[in-house]
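Single-structure report; data block below.
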Amino acid sequence: MSDNELIKRSKDVNSNILQNILEGRKTPHSTSQPLIYKEGDNFFLAVFVFFYTREDIASGAVDRPTMWAIADISTGEILKRFETKEKDFSQAPYDVKYNVRSDAEYDTSAQYYEKAFAILDSVRTKIINEGKFDENEYQQYLSMILANIPKDYQRFYTDLSV
């Protein structure tokens, strides 16, 4: 068995997080791609959530994330959920809308995300098996993810990320 088989694939972990983030509540929202988050000496996966309305979509501007969660780095099981008003990860103001429209050409193909998640798999495997965080490799993953995120919202990825 290879090291990569010792952990759930990032693609599967992400699916699990997406399915469980709101604990079954049905409300329009979007969840970030998984990020590496460090608290003390421990590494976790982390995601943020923002909620939106039909008007937000029409205007192309949404509120900042108001919820975030940390998950087990190997299984993706959500360990804690936070409301940003109680425990925040960003200094971004709440009283403005963030532009999520872009003229950029995004590559949202399955192959693109397979490649990104393969990099994240490698980063996670090194943390789990060797206790080492490969910052350069993680930056490759983060760069790929940020390439598909509108400029205004990129800050939330970097604010939450290790």
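The values are calculated or read from the model by the stated rules, or taken from the named source; none is laboratory data. Note that the coordinates shown come from a computational prediction; the quantities given were computed from them, not determined experimentally. Using ideal geometry, Cβ is built from the backbone for each residue, glycine included, and neighbour counts are taken over all protein chains shown. Surface accessibility is based on the protein's heavy atoms, side chains included, excluding ligands, DNA and RNA. Shrake-Rupley method; radii C 1.70, N 1.55, O 1.52, S 1.80 Å.
Checked against (1) hydroxyl-bearing (Ser, Thr, Tyr); (2) over 25 Å from ILE57 (Cβ atoms); (3) at pLDDT below 95, SER15 meets all criteria but (2). Only one entry in SER32, SER15 is small (Gly, Ala, Ser), open to solvent by 30 Å² or more (accessible area, probe 1.4 Å) and out of contact with any His (no Cβ under 8 Å at 6 or more places or on another chain), namely SER15. Restricting attention to the range 75-113, and to residues there that are outside any loop (DSSP other than H, G, I, E, B) and over 18 Å from LEU45 (Cβ atoms), which single residue is least open to solvent (accessible area, probe 1.4 Å)? Only one residue tops the list, namely TYR98. Restricting attention to the range 28-74, and to residues there that are farther than 20 Å from ARG155 by Cα and in a strand (DSSP E or B), which single residue is farthest from the chain's Cα centre (by Cα)? Restricting to residues being farther than 20 Å from ARG155 by Cα and in a strand (DSSP E or B), the top hit is ASN42.
Taking (1) exposed (fewer than 14 other Cβ atoms within 10 Å of the Cβ); (2) within 23 Å of MET67 (Cβ to Cβ); (3) charged (D, E, K, R) in turn, LYS132 satisfies each apart from (2).
Among the residues of the range 114-124, which ones are crowded, with 19+ Cβ neighbours inside 10 Å and touching a residue at least 60 places away in the same chain (Cβ under 8 Å)? ALA116, PHE117, LEU120, ASP121, VAL123, ARG124 - these are the residues of the range 114-124 that are crowded, with 19+ Cβ neighbours inside 10 Å and touching a residue at least 60 places away in the same chain (Cβ under 8 Å). Any residue at all in the range 141-149 that's open to solvent by 40 Å² or more (accessible area, probe 1.4 Å) and over 14 Å from the mean Cα position of the chain (by Cα)? Checked against the condition, which is being open to solvent by 40 Å² or more (accessible area, probe 1.4 Å) and over 14 Å from the mean Cα position of the chain (by Cα), the range 141-149 yields no hits at all.
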